[in-house]
Amino acid sequence: MALELHPLEQFKIEPLIPLHIGGLDVSYTNAALFMTIIVVLVTALLVLGTKRGALVPGRWQSIGEMSYEFVADMVDTNSGHGAEPYFPFIFTLFMFVLFANALGLIPYSYTVTSQIIVTFALAIFIFMGVTIVGFAKHGLHFLRFFVPEGVPLLLLVVLVPIEILSYCIRPFTLSVRLFANMLAGHTMLAIFGGFAASVGLLAIFPVAIDVAIYALEVLVAALQAYVFAILAALYLRDALHMH
Amino acid sequence: MDLASAKMIGAGLACIALVGAGIGIGNVFSSLISAVARNPAAQPQVQPFAFLGFALAEATGLFGLAIAFLILFVF
């Protein structure tokens, strides 16, 4: 390439406190640092914000209450009744992903959700949890989920494997969706930033594009957190009510 | 063909995936506009679904774009 661009350098994981336990590398990395910051921030917002418990909420209490109501409403409409015990899980997921995406937008910070292993860990736990909920609630009857109703026997031979495959592929699509969004968005920002550094006075055009992409990224950060949470809620509905 | 040009061609081909995302996003919002134009009262109910559809359609295109970036800058 004519230009020396290294847009993927921002995703590099660097150990801050090297730590090896029995051949396993469990170093405290910059990704772990940002996950700690996210947890501290979310906890501070919700605990300190609502500590006063005022009848007329202040700014911080409003943010906490609005996010709570937003997710509670979403779980209520998408998971059906009987999903209330799982609301804290969905709410935690939403706040974690939202803060991870939003923190990543700050220049020189680290986007935790741009690591496939982070999003995949979240998604596989959603998948396993939802499957366990389904089997615990319906027993082996849950397997009927893979058998569409009112379909001729001959078609079932084709449809059942497709249903099983589309069920098992969920953690992959769920994690890759969030990961690809974050990776592509941040890489694009870095690429246009790299153009700006190399074209002198014409840099105003790449910078203008960067501003537009940044605006889109703010939208995407919130939207992907919403999509991640709403899909978890929809999967939960499948397990609780089967169709 | 040397490896560098093959990488460029591959990255360009991977970006074709964005055609589908463009069609999908346009479809989502055109449907939203015609739905709201016919029944403005339905806007609060259909808008969240439109944004959900936008995010899902956009993600499929970004799979291709992410692959293009990986081809260009990783391998």
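Quick notes on this one:
- The GNM of chain A, with springs linking C-alpha atoms under 10 angstrom apart, assigns the highest mean-square fluctuation among A:ALA123, A:ALA32, A:ALA136 to A:ALA136.
- In degrees, nearest ten, helix A:170-198 long axis to first principal axis of chain A (Cα): 10
- Taken about its Cα centre, the range A:9-241 carries a charge dipole of about 220 debye when Lys and Arg each add +1 at the Cβ and Asp and Glu each add -1 at the Cβ.
- Stretchable slack from A:VAL207 to A:LYS12, in nm (0.36 nm times residue separation minus alpha-carbon distance): 67.8 nm
- Residue order, fewest to most beta carbons within 10 Å, for B:THR60, A:THR187, A:THR29, A:THR43: A:THR43, B:THR60, A:THR29, A:THR187
- Hydrodynamic radius of chain B by the Kirkwood approach over all distinct alpha-carbon pairs: 14.0 Å.
- Under the membrane-span-like helix rule (DSSP H runs whose alpha carbons stretch at least 18 Å along the helix axis, mean Kyte-Doolittle hydropathy 0.0 or higher), chain B yields B:17-38, B:43-73.
- Projected label distance in nm at A:ARG59 and A:LEU165, using a 7 Å step from Cα toward the beta-carbon: 5.3
- Residues in the range B:32-55 that a label on A:ALA222 would reach, taking backbone N under 14 Å of a point 7 Å out along Cα→Cβ: B:48, B:51-52
- Taking the longest Cα principal axis of chain A as reference, the axis of helix A:87-104 is set at about 20 degrees.
- Neighbouring Cβ atoms from other chains, within 10 Å of the Cβ of residues in A:176-182, number 5 on average.
- FRET E, pair A:HIS138, A:TYR214, Förster distance 51 Å, beta-carbon r, rounded to 0.05: 0.65
- For chain A, built as a Gaussian network whose Cα springs stay under 10 Å, the top-fluctuating residue of A:LEU105, A:LEU19, A:LEU153: A:LEU153
- Helix axis angle, A:30-49 relative to chain A longest principal axis, alpha carbon, degrees: 70
- Translational diffusion of the protein assembly as shown, µm² s⁻¹ [Kirkwood Rh, Cα pairs; Stokes-Einstein; 20 °C; 1.002 mPa s]: 97
- Exercise: per-residue mean of other protein chain Cβ atoms within 10 Å, A:224-237: 2
- Centroid-to-centroid separation of the range A:168-206 and the range A:113-156 [C-alpha atoms, Å]: 32
- Choice from A:GLY139, A:GLY193, A:GLY129 showing the highest fluctuation, given a GNM over chain A with Cα pairs closer than 10 Å: A:GLY139
We did not get these values from a lab; they are worked out from the coordinates using the rules stated. Predicted, not measured: the structure shown is a model, and the values here were computed from it. Here the Cβ is made from the backbone with ideal geometry for all residues, glycine too, and neighbour counts use every protein chain on show.
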